1. Has the stretch 175-198 got at least one residue that is closer than 30 Å to residue 79 by Cβ, without any contact (Cβ under 8 Å) to a residue 24 or more places away in the chain and not aromatic (Phe, Trp, Tyr)?
2. Step by step: first the residues of the stretch 156-210, then only those that are acidic (Asp, Glu) and under 22 Å from the mean Cα position of the chain (by Cα), then the one that is surrounded by the fewest Cβ atoms within 10 Å (Cβ to Cβ). Which residue is that?
Amino acid sequence: MNHWGPAVVVCLLASPLAAHAQSASLFVSVSAGVNVMPHENEETRFAGSAAPEEVGQVSTSTGPALVGAIGRDLRKGLRMQIEVSYRANRIKGDSRLTGEDLGSATERKYGGMVNGLYDLHRSRITPYVGGGVGGQFVHEPNTVSSSGGIEVSVEGGTKIAFAYQLLAGAAFAIRDGLAVIADYHFLDLVGSRTFKGTATIPGAGSLAFTDRSSHDQNHSVVVGIRCAFGG
């Protein structure tokens, strides 16, 4: 069974309830797709330094995205929903370094958003737009890289960040209370997250530094189902 198979069963069982109502007031949805994270900025600052020593960008591979939501129809095309999501992108490299030994290092994001949505018109195919705010937990992996004999080790961890998103999509009605949905999400994490690291330099020993990540922007395309319940 695919990612949203259980939700399909629930919707099929519940949709007869929605058929008895003039308009549905509650809905749940679940979607799966891909997430693209173009790049993430990194600043390295050694202990006692007043300015960043190096500024670079981390590149990642396309990864999975999972989104679930529960919401309420407010009438006149307006809807509110609470969304939970998960995204993961494997780290491919860092523009500041060569000879990376990143292995299967992956950045993972999960958290919740409160969204407002507006249906542009309601028919068998209903396009909509919206936006939301919330928080995302960001897990950065431990990484070890080397360049020119210098070995750099960064201690990962999980940080929380304020986030906002813009989204657009369309619902394709299958039957009363059940629709296929296709969404695009632009998710932006505000501010930066700081991690500790050490640089081992031949002849100089180990130097402590901080590594600050920022510009964490995500483009997700997901497809799923939405089940509406009559109110």
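The values are calculated or read from the model by the stated rules, or taken from the named source; none is laboratory data. Computed from a predicted model, the values in this text were never measured in an experiment. Note: ideal-geometry Cβ built from the backbone for every residue, glycine included; neighbour counts use all protein chains shown.
1. No, because not a single residue in the stretch 175-198 is closer than 30 Å to residue 79 by Cβ, without any contact (Cβ under 8 Å) to a residue 24 or more places away in the chain and not aromatic (Phe, Trp, Tyr).
2. The residue in question is 188.
Conditions tested, residue by residue: (1) at pLDDT 85 or above; (2) of a type outside the set (Lys, Arg); (3) over 25 Å from residue 192 (Cβ atoms).
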| residue | (1), (2), (3) |
| --- | --- |
| 24 | no, yes, yes |
| 60 | yes, yes, no |
| 65 | yes, yes, no |
| 71 | yes, yes, yes |
| 74 | yes, yes, yes |
| 77 | yes, yes, yes |
